[in-house]
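The values are calculated or read from the model by the stated rules, or taken from the named source; none is laboratory data. From a predicted model like this one, the values you see are computed outputs, not experimental measurements. Please note: Cβ atoms are built from the backbone with ideal geometry, for glycine as well, and neighbour counts cover all protein chains shown.
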Amino acid sequence: MLDFTAVVPSIPYILKGIGITLQIVVGATILGLVLGVLLALCKIGKITILRLLADFYTSIFRGTPLVLQLMLIYYAIPQLFDIQIDPMPAAILAFGLNSGAYISEIIRGGINAVDKGQLEASLALGIPYTKMMKDIILPQAMKNIMPALMNEFITLNKESAIVTVIGALDIMRRAVVVGGSNYHYLEALIVAGVIYYIMTLILTFLGKMLEKRMRRSD
């Protein structure tokens, strides 16, 4: 029988993990977005070495488990450089580097979807490539790929639960701690699942609102 009475007093403790989860997700998203833009520009650019390096980077981070990347950063960096890295920075770095690989493909697809006439007209008018990408191509691409970017953000929010393996006190880790303290793991994990589900619903709603606003601004 489920007995949530043993877990209810600890729900505020679990809820405090929302702040940790959001810090990781927001920090990783910012890092991933910046990195994704740079990688996408390298992939569509004419410099062969940069294009090959960007493709290689993407293949590595898309081809290996995220939990492996997280543990390599958390355990290998201290071993290699004799420094200590806390769980939060390690999580943001790992998620950001991983997310950048996926976002780069999303942005590359968005850029390629922009009407070629825009590019040709800009070149005909003598607009510098950097200015053209910043002011003309990328803004249009971002509108096209906003649903995919929001989906990546929501996925990152759920995948952030794996930081429990390095001891970060996020929602999942706190639920495990509560379960271990009173031996009601199932109830504590159900509470954590409900919290993640509600967060996903909220992020989905905010994403749809942002999409509608961007469509109205066209």
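When you look at Ala161, is it touching a Gly at 6+ places or on another chain (Cβ under 8 Å), in contact (Cβ under 8 Å) with a residue 12 or more places away in the chain, surrounded by 18 or more Cβ atoms within 10 Å (Cβ to Cβ) and among the small types (Gly, Ala, Ser), yes or no? Explain how you work it out, then say what you get.
Values: touching a Gly at 6+ places or on another chain (Cβ under 8 Å): no; in contact (Cβ under 8 Å) with a residue 12 or more places away in the chain: yes; surrounded by 18 or more Cβ atoms within 10 Å (Cβ to Cβ): yes; among the small types (Gly, Ala, Ser): yes.
Against the criterion (touching a Gly at 6+ places or on another chain (Cβ under 8 Å), in contact (Cβ under 8 Å) with a residue 12 or more places away in the chain, surrounded by 18 or more Cβ atoms within 10 Å (Cβ to Cβ) and among the small types (Gly, Ala, Ser)), Ala161 does not qualify.
Run down Gly207, Gly180 and say which single residue is out of contact with any helix residue (DSSP H, G or I) (no Cβ under 8 Å at 6 or more places or on another chain) and either part of a helix (DSSP H, G or I) or in contact (Cβ under 8 Å) with a residue 40 or more places away in the chain (or both). Walk me through how you get there before you give the answer.
On the way: Gly207 fails: out of contact with any helix residue (DSSP H, G or I) (no Cβ under 8 Å at 6 or more places or on another chain).
Only one candidate qualifies: Gly180.
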| field | Residue, farthest from Met214 (Cα to Cα), within the range 142-200, restricted to residues that are among the acidic types (Asp, Glu) and within 18 Å of the chain's Cα centre (by Cα) | value | Asp170
| request: Within the range 168-190, identify whether any single residue is modelled with pLDDT under 95 and either in contact with a Pro (Cβ under 7 Å, 6 or more places away or on another chain) or closer than 30 Å to Ile44 by Cα (or both), and answer yes or no. | output: yes
| remark: Per the list (1) touching a residue at least 24 places away in the same chain (Cβ under 8 Å); (2) surrounded by 14 or more Cβ atoms within 10 Å (Cβ to Cβ); (3) of a type outside the set (Phe, Trp, Tyr); (4) farther than 25 Å from Leu93 by Cα, residue check on Ile171 breaks on (4)
| query | Just one of the numbered conditions (1) without any contact (Cβ under 8 Å) to a residue 40 or more places away in the chain; (2) touching a Leu at 6+ places or on another chain (Cβ under 8 Å); (3) surrounded by 20 or more Cβ atoms within 10 Å (Cβ to Cβ); (4) not acidic (Asp, Glu) is not true of Ile111; which one? | reply | (1)
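If only one of Phe81, Phe95 is among the aromatic types (Phe, Trp, Tyr), within 26 Å of Leu169 (Cβ to Cβ) and under 14 Å from the mean Cα position of the chain (by Cα), which one is it? Give the derivation first.
Numbers: Phe81 fails: under 14 Å from the mean Cα position of the chain (by Cα).
None of the others qualify; the one that does is Phe95.
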